[in-house]
Structures are given as C-alpha cells and as structure tokens.
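A short write-up of the structure that comes next.
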Amino acid sequence: MSNVETQQLAPLTTANELVADDAVPLEVLRADRSPGIWTRAKEDVQAVFGRDPAARSVWEVVLLYPGLHALWIHRVAHWLWKRRPVFLARLLSEVKRFLTGIEIHPGATIGRRFFIDHGMLWSSARRPRSATTC
C-alpha cells in the first residue's frame, strides 16, 4: 500500500469508536443484559423454597427436584431453538423428558422465578414471571 492509501484508512483503536455519537455506549448495553446463569439458578432455587413447603435444604432442591432440572435444561433447549438448530433443541428436550418425566417444548417461553412441581408445558405456553404449575 502506498502512503496515500494508508492515510485514507483511519485506524480504529477501540470498539467504542465504531458506535455513533448518538448511539448507546457499549458499556451500557453490556450492563442491560439479562441476569447471568448463576443468578437465574439462584432465583430458581429461591422460587422452589417460596412455593413448596416440603423443600428442606438447598442440596435437596438442587439434586432431587426434577422440575428444577427440567427448567434448567429447557433454558438451554430454548436458547438453541431461538438460534435455529431446531433438531438439537428437540433432541435436548427429549433427553430432558426421559430424565425428568417433564415435557416442555423448546419453543415455550418461560419467565423468571418459575416453579414446576408436576406437569407439562407446550410450545404455545406463555408463562408469566413468578408462576407455579402443578
């Protein structure tokens, strides 16, 4: 490349320079993301304690509640479903059903702090936050 071509290509030193002046800074976008996986898992365990009087310890809930396991696996399957490896999402959903006995279609949208004691949810289901199903 000649010096003229090099001068025409202004180097970008940071990703923030790619953002227009009136756009939202990248730091703000990162701060607005949904809660992390561990925050969600903690909320799920707290939801079980809030809705099931038979829950006695965190270890019991984490290791022995199939509704919680189904919900956690569903979140992964739903993530896949939205990104279009539909076969993998359905396969994971079938493995989840085999392991837990609880069927949730990978296309079902489920809010936070949701507790499944017993039951099935289908792809047309839209469950609000803080809901319980039996």
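Taking the conditions (1) under 16 Å from ARG112 (Cβ atoms); (2) in contact with a Phe, Trp or Tyr (Cβ under 6 Å, 6 or more places away or on another chain) in turn, ALA89 satisfies each one other than (1). Applying the selection to the stretch 21-64, what residues are open to solvent by less than 60 Å² (accessible area, probe 1.4 Å), in a helix (DSSP H, G or I) and at pLDDT below 60? Hit for the stretch 21-64 is LEU26, nothing else. For the stretch 70-85, filtered to residues that are closer than 20 Å to VAL48 by Cβ and not aliphatic (A, V, I, L, M), the residue that is most open to solvent (accessible area, probe 1.4 Å) is TRP72. For the stretch 86-134, a residue qualifies if it is at pLDDT 95 or above, open to solvent by 30 Å² or more (accessible area, probe 1.4 Å) and within 15 Å of the chain's Cα centre (by Cα), and exactly one does: LEU92. The numbered conditions (1) under 15 Å from the mean Cα position of the chain (by Cα); (2) modelled with pLDDT under 90; (3) not hydrophobic (A, V, I, L, M, F, W, C) are all true for HIS74 except (2).
The values are calculated or read from the model by the stated rules, or taken from the named source; none is laboratory data. Model, not experiment: these values are computed from the prediction. Note that each Cβ is placed from the backbone with ideal geometry, even for glycine, and that neighbours are counted across all protein chains shown. What goes into the accessible areas is simple: the full protein's heavy atoms, side chains included, and nothing from ligands, DNA or RNA. Shrake-Rupley method; radii C 1.70, N 1.55, O 1.52, S 1.80 Å.
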